[in-house]
Amino acid sequence: MTSRKRLWAGSLLSVALCIAAPAFADTISYTAQLSGPGENPPNASPATGTASFLLTGDTLQIHVTFTGLTGGAASAAHIHCCAEPGVNAPVWVPFANFPNTTAGTYDATVDLATFAFGGGGTEAALIAGMNNGTAYTNIHNAVFPGGEIRGQIIPTPEPGTFLLLGTGTVGLIALLRRRVAPRSSL
């Protein structure tokens, strides 16, 4: 393999690693965009929601906003783990005191070190599921007992990750140009 090919292979591997895994920091952010088509089975509900999660050590902060539930007021909401998108999984983290409304917000903080997970879950498995996109959150009600809206939980890259990725890419392009540039003869 030529050095140029090795450089490109190394660059692609670096980019893939930056995209595939969240940066290790004190706090890791996650988001989920909730919709009816995201449910299993999918439905035509116009309801939407956004869930954000901040993981700092063993502490998980949860913030959910939702609007337009058509199947009645929310009866439950939680995190399910661990299954690929479109596949159902057991409830691991129920959202206590979720608002019994068709629109609203919800905030909670959970200490994962002492939390009693449902469905045989563990803290390590939940974090792995959130990191690899196999955890999801959804909101249930009377008309949609399996869930009216759902969204996969995915890591949110930190702004610094994009800066590092961009800087590294520019540096690699400059290096490649210098190595590949035609040499002038004297």
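A few points about this structure:
- Every residue from the stretch 123-140 that is over 13 Å from the mean Cα position of the chain (by Cα) and part of a helix (DSSP H, G or I): 123, 124, 125
Condition check ((1) among the small types (Gly, Ala, Ser); (2) modelled with pLDDT of 95 or more; (3) over 24 Å from residue 156 (Cβ atoms); (4) in contact with a Gly (Cβ under 8 Å, 6 or more places away or on another chain)) across all residues:
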site	(1), (2), (3), (4)
42	no, yes, yes, yes
51	yes, yes, no, yes
90	no, yes, yes, yes
98	no, yes, no, no
112	no, yes, no, no
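- Search result, residues across the stretch 8-40 that are modelled with pLDDT under 95, surrounded by 15 or more Cβ atoms within 10 Å (Cβ to Cβ) and farther than 12 Å from residue 155 by Cα: 11, 14
- Odd one out for residue 54, checked against (1) in contact with a Cys (Cβ under 8 Å, 6 or more places away or on another chain); (2) part of a strand (DSSP E or B): (1)
- Candidates 122, 105, 137, 109 - the one that is without any contact (Cβ under 8 Å) to a residue 24 or more places away in the chain and not hydrophobic (A, V, I, L, M, F, W, C): 122
- Flag if residue 84 is closer than 13 Å to residue 147 by Cα, charged (D, E, K, R) and assigned to a loop (DSSP other than H, G, I, E, B): no
- Flag if residue 118 is farther than 19 Å from residue 50 by Cβ, at pLDDT below 95, surrounded by 14 or more Cβ atoms within 10 Å (Cβ to Cβ) and among the small types (Gly, Ala, Ser): yes
The values are calculated or read from the model by the stated rules, or taken from the named source; none is laboratory data. Model, not experiment: these values are computed from the prediction. Cβ sites come from the backbone with ideal geometry, for glycine too, and all protein chains shown count toward neighbours.
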